Amino acid sequence: SADSMTSGDISLATGAAAKGVSGSVSISTGASATSGDFSVSGGKVELQAGGAAGNTGATVQLGVGDSNGAGAMDIAAGSSSDGAGGAMNIISGDGVSSGDVLVASAAATGSSGNVVIKSGVSAGDSAGAVALEVGSSAATAGSFTITSGMSEKSAGGNVAINGGASSSSVGGSVAIAA
């Protein structure tokens, strides 16, 4: 209750299955001319699919309903009024070989969407850095490739690497070394 020091827990789960397939859990808003919002919040929110002893583990899928004007999906870490905001980590699973991580816009019959990776603007201190790195290896290290898109009917895409401009000091430099 509101007067208690600690509120109660709510758990939604299907039962375990020794040999077959365990049940699914689905929570969704109904379809309509304007569908309702779906919100999950709390001190710690964990979405986890069940493991599998001898087969492939289940998938966790977050999606927005289809529409003439499709809804957006925002995944954001918490803000802080007097310290650092929360971090966000997107990490593939480990194993003999770790899983892939793909960030891509969908294919389209018209123009496909942009993919933007950038750090936030800073009003009074240094803006954050963006680092794209290939992991180290005891054997052969991975390669790093930047390729612009090809075109069948027009010019191919450009690749531009620019140092930042400055209105009050020296602009940033670009260093490329083997």
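The values are calculated or read from the model by the stated rules, or taken from the named source; none is laboratory data. In this text the structure is predicted, and so the values were computed from the model without any measurement. We place every Cβ from the backbone using ideal geometry, glycine too, and count neighbours over all the protein chains shown. We work out accessible area using only protein heavy atoms, side chains counted, and drop any ligands, DNA or RNA first. Shrake-Rupley method; radii C 1.70, N 1.55, O 1.52, S 1.80 Å.
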* **Selection status of residue 105, surrounded by 10 or more Cβ atoms within 10 Å (Cβ to Cβ), at pLDDT 85 or above and out of contact with any helix residue (DSSP H, G or I) (no Cβ under 9 Å at 6 or more places or on another chain)** => yes
* Asked: Pick from 30, 93: which is open to solvent by less than 90 Å² (accessible area, probe 1.4 Å), at pLDDT 75 or above and either in a loop (DSSP other than H, G, I, E, B) or closer than 30 Å to residue 142 by Cα (or both)?
  -> 93
* Based on what the data block shows, is residue 145 farther than 26 Å from residue 72 by Cβ and either loosely packed, with under 10 Cβ neighbours inside 10 Å or among the small types (Gly, Ala, Ser) (or both)? -> yes
